[in-house]
Structure formats: structure tokens, C-alpha cells
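Notes for the one structure printed next.
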Amino acid sequence: MVARNEILYRTLRASIAANYAPGDKLPSIAEIQTEYGIPSPNTVRQAQQRLVEEGVLETRQGLGAYVVRLPQSPNVDMVAELTRLRDEMSLLIEAARTSSRTVTFDLRDPDRPHTYYILTAALNDWATRTRAEAAFEPTNADELRALAAAADELREWIEPAQLAPRSGSPVQPAAEPLATVRVEAVEPTAISRSELDSLFPQPSDTERAATRAKLVDRARLVQQEGWAAYQYVWSTGEVVGVALVLGDEAMLTECAETRDSVLSRYAYDLFGRSGGRRDEADGFPETRKWFLRAQTDLAG
């Protein structure tokens, strides 16, 4: 079983990334105990100390704990993971038959220690990006806000599951099933390649121009204000896209990306499944041209 201080450490780390800014003060140890049902203050101190050692928190005698920087996401090769998932999804959609199944995630499985972090951090990141997109007031802004609220609700439902103690522990759980999240999934019917392409269609010239304009606007913000206010608000794809427009190799390195990996990210978004594959096979000439146009717009 994962130790309680390890669980609390992960929870506090994700909460700081989602809800705090450098300079903010954390609740007191007693308040954290009450919020998460932690019987021992030493558990809270141990979790906070790990965050101090990571440089995320600073404890001040008689004042409490303060955020000094936001935590980084786990070191994961996101491009490789996304590529693998994209290929597996294509095969699944083509081969699957209609059926209903239940998937159970044990949030405290010691063999899969990152499940909780990935679920909650991904939901929070997606909700934040969706709200940011809605702030531009597109035609579907209300729908985007409703989806972001639904993601927040799901995350809030998941979080207590991670900290719910097992039966027999000093603090009794509200219900034992909180230890798992059950997801009903319906697999799609078999689908042809042409139908698969229609699921990931090539955007129009107008849509590509709108995406380029948005990226250029964000590049201007970084030029004027720096990365600090935006690096952990925008999605990774947006951050590395802006970095490529700016020619910011340091940010690409910090995000564990290269120019080619960013081009691979954008090729499929700009030209759809089939178009993205063709452009990738040719060395990304169309995607390179699109980014060159963005750089020209920024300079102009």
C-alpha cells in the first residue's frame, strides 16, 4: 500500500500546481489535517518537507509554508507517448467491435503510482486550457465552460478517493468503493480507413489561419511579458509552438522537445490524419512553411 505521506505529497503537489502561484501561503498543518482527514501532523510535515526539498515550498518559522515555484510535471516523453497512443487508437478504432466493458482504476495501486497524478493533473490541465479558450468568446464558449466545470467536478470526485483510508485505519473511510474509479466504456464498431480519416479531417485554410493568429498573439505576449505568467497555464503544445515561433531553444529544451518533435505535433493538427502523415513522411515541408508564415506575421 502507498504510504499516507506519499499520497498526501502527491495530492499537495497537484493542488499547488493547479491552485497556487509563487508567493501564496499554504493552509496551516492543522487545516490540511482537517481538509484531508489526516490524523497525524507529522504526515503533513513529511509531505511538505519533500516539497521543500524539491524547491516548491519554503517554510518560514512561525509563519507557515509558502510556494516559491510551481512543481514540474513528471519527466515523461510526451511526444513518444502521444505517438504511441495515436497509433494504438487508430488500430483500436479499425479493429474494435461494439461491446460494453467496465474499467477499474485503483488509485492506490503501488504498481501504478502515477495513476492518480495523471488523472487529476490531466483533468485540471484540460479544464484550465478549455477555460482559457472560452475566454476568447468563441461561438461555443458556453459549451466550453460547461465542459471545464464537468472536468473540475470529476477531479473533485476523484481526489477524496485517493485519501480515503482503508477499513481498520484510525480515520474510517466514508465508503470503501472510494478507493476505485469505475468507467463504463463502449468500444466503437469497425471502421474503414476513409471513415477513420473523416474522424480527423484536414482543417480549412481559414481554421489554420486562425490557429496561426492565436499562436502569434501568444508569442507577442511572451515577448512583452516573458514566460512566467503563461508557461504553466497554456498547454504543452501551445508552449512549444510559441517557443518554435520565437526560436526559443531554451524553452524547447526545458519542455524536452526538439524542432522536429514540435513539427510532428502540429502536422496532424494542421493537416488532419492523412495530410499529417504525408507531411511527416516528406520531412514536414508544409508545417515548416506554416511556422515560417507565423514568424513573418510576428515580425510584421
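Determine the relative contact order of the stretch 236-300: mean sequence separation of Cα pairs under 8 Å and six or more apart, normalised by residue count, in whole percent. Show your work: numbers first, answer last.
Numbers: 45 pairs, mean separation 18.4, N = 65.
Reported as a whole number, the value is 28 percent.
A simple spin-label model places pseudo-atoms 7 Å from Cα toward Cβ; at GLU153 and LEU63 they are separated by 4.0 nm.
Based on the mean of other Cβ atoms within 10 Å per residue, sort peptides 277-290, 231-244, 53-66 so the most packed one is first.
Details: 277-290: 15.5, 231-244: 20.6, 53-66: 13.6.
Ranked by mean Cβ neighbours within 10 Å, highest first: 231-244, 277-290, 53-66.
Among 219-230, 119-130, 29-40, sorting by the average number of other beta carbon atoms lying within 10 angstrom of each residue, highest first, gives 119-130, 29-40, 219-230.
Just so you know, all these numbers are worked out from the coordinates, no wet-lab data involved. Because the structure is a prediction, the values reported are computed rather than measured. Glycine gets a Cβ as well: all are built from the backbone with ideal geometry, and neighbour counts include every protein chain shown.
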